[in-house]
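The values are calculated or read from the model by the stated rules, or taken from the named source; none is laboratory data. All values reported here derive from a predicted model rather than from experimental measurement. For neighbour counting, all protein chains shown are included, and Cβ atoms are generated from backbone atoms with ideal geometry for every residue, glycine included.
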Amino acid sequence: MSFQPSAQAPLLENSSSIDRSPRQASGGLTKTGGFLAGFTHTLQPYIGCRFACEYCYVKGLSVHRFHQPPANWGDYVHPRIGIAEQLRKELTRLAARNELDQLAIFMSSATDPYQGAERQWRLSRACLDLFQEFPPGLLVIQTRSPLVVDDFARIRALGARCWLNFTLETDLEAVRQTLTPHCPSIAQRLAAIQAATAFGLQVQITVSPCLPYSSVETFGQQLLAQHCRVIVDSFVSGDGQAGKRTAATATGARYAEQAWGDWRSEERARALYEWLEIRLGERVGWSQAGFTALTQRQ
Ligand code: SF4
């Protein structure tokens, strides 16, 4: 494959002020519900996320609020060393009870499993290797990082059980740079999505949260051209607390500075969803129902 994520991704691993200290994992799978109802577990190979999206709701969760020592979101990423060993124990127990098919795992909800640290630690890869041995009923990998291309063969080996969710919130690079300056560019993400589908992976593009975009037709056609399932989400429907978590971030201030209108409005996200629904039918989903639709198909 000619696509080379390592050469393209701005994964910010050279800054010296970042806390990258490893933390021992006390477990692998975490039971889940709420927004991810339908999934049985989440899996977080890292604590923290160097992508540091302005709107990230994880900033409001206890994993960040009680982080020691206190640090800004984005200024730490702890590899959860030993996670593969913990996961092996858990999967062995589940296999003995013949319960692997009942697993629906979301990797990850509070970090990006393919941020730059993965290049060094390969914890997400270690988990994927275990899933070859203990295949779960459903594994959804959520990322915005082209680094995932390094594991395409492992993902494909899981067949219909595994989906790659790839985040693409807008088609406007200026919007991406304003709210998520440390994330891979739109062009890098589109290249990774195209590489994934060419490789034969099952891909969902998650427009989550839907940020200001050019026009319904332009962004919509760009999404259609990828031949993937699509999920469209908004801050209010998608942050798990009807927008309260987003309100605690600087997202509103950025919207005001840029004259982007009310960040709470779902009008443009809905317009994009409805345009796509006409053309994709059940292959497009809205917010929570979209994220959990795959769990209904098991
Ligand atoms: S990539 Fe995901 S987990 Fe990381 S900062 Fe952005 S929204 Fe949060």
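So here's what we get for this one:
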item	result
Of residues in the range 73-83 being of a type in the set (A, V, I, L, M) and either within 19 Å of R144 (Cβ to Cβ) or surrounded by fewer than 19 Cβ atoms within 10 Å (Cβ to Cβ) (or both), the one farthest from the ligand (Cβ to nearest atom)	I81
Among residues of the range 209-218, those that are surrounded by fewer than 24 Cβ atoms within 10 Å (Cβ to Cβ) and either of a type outside the set (A, V, I, L, M) or in contact with a strand residue (DSSP E or B) (Cβ under 8 Å, 6 or more places away or on another chain) (or both), counted	6
Residue match in the range 44-63 (condition: at pLDDT below 95 and away from the ligand (no atom under 13 Å from the Cβ))	yes
Sole exception among (1) more than 16 Å from the ligand (Cβ to nearest atom); (2) closer than 17 Å to V148 by Cβ; (3) touching a Leu at 6+ places or on another chain (Cβ under 9 Å); (4) outside any strand (DSSP E or B) for P113, by number	(1)
Residue in the range 61-72 that is surrounded by 22 or more Cβ atoms within 10 Å (Cβ to Cβ) and not β-branched (V, I, T) present	no
Meets criteria (within 16 Å of the ligand (Cβ to nearest atom) and of a type outside the set (A, V, I, L, M, F, W, C)) for T92	no
Selected residue (only one of L147, L190, L179, L158 is within 29 Å of A242 (Cβ to Cβ) and hydrophobic (A, V, I, L, M, F, W, C))	L179
Residues located in the range 154-192, provided they are away from the ligand (no atom under 16 Å from the Cβ) and without any contact (Cβ under 8 Å) to a residue 40 or more places away in the chain	R154, A157, L158, G159, R161, E173, A174, A187, L190
Any chance V148 is on the phi < 0 side of the Ramachandran plot, in contact with a Pro (Cβ under 6 Å, 6 or more places away or on another chain), outside any strand (DSSP E or B) and away from the ligand (no atom under 12 Å from the Cβ)	no
Check on A269, outside any loop (DSSP other than H, G, I, E, B), in contact with a strand residue (DSSP E or B) (Cβ under 8 Å, 6 or more places away or on another chain) and either free of Cβ contacts under 8 Å to residues at least 24 places away in the same chain or surrounded by 22 or more Cβ atoms within 10 Å (Cβ to Cβ) (or both)	yes
Filtered residue count, the range 63-120, keeping only those that are within 11 Å of C49 (Cβ to Cβ) and among the charged types (D, E, K, R)	2
Some residue of the range 97-108 being of a type in the set (K, R), in a helix (DSSP H, G or I), surrounded by fewer than 21 Cβ atoms within 10 Å (Cβ to Cβ) and more than 16 Å from the ligand (Cβ to nearest atom)	no
Hey, G252 surrounded by fewer than 21 Cβ atoms within 10 Å (Cβ to Cβ), modelled with pLDDT of 95 or more, of a type outside the set (A, V, I, L, M, F, W, C) and in a loop (DSSP other than H, G, I, E, B) or not	no
Filter result for L172 (surrounded by fewer than 20 Cβ atoms within 10 Å (Cβ to Cβ), among the hydrophobic types (A, V, I, L, M, F, W, C) and in contact with a strand residue (DSSP E or B) (Cβ under 7 Å, 6 or more places away or on another chain))	no
Pair list, Cβ under 8 Å, 6 or more apart: the range 63-78 residue within 17 Å of P181 (Cβ to Cβ), other residue of a type in the set (K, R)	W73/K59; G74/R50; V77/R20; V77/R50
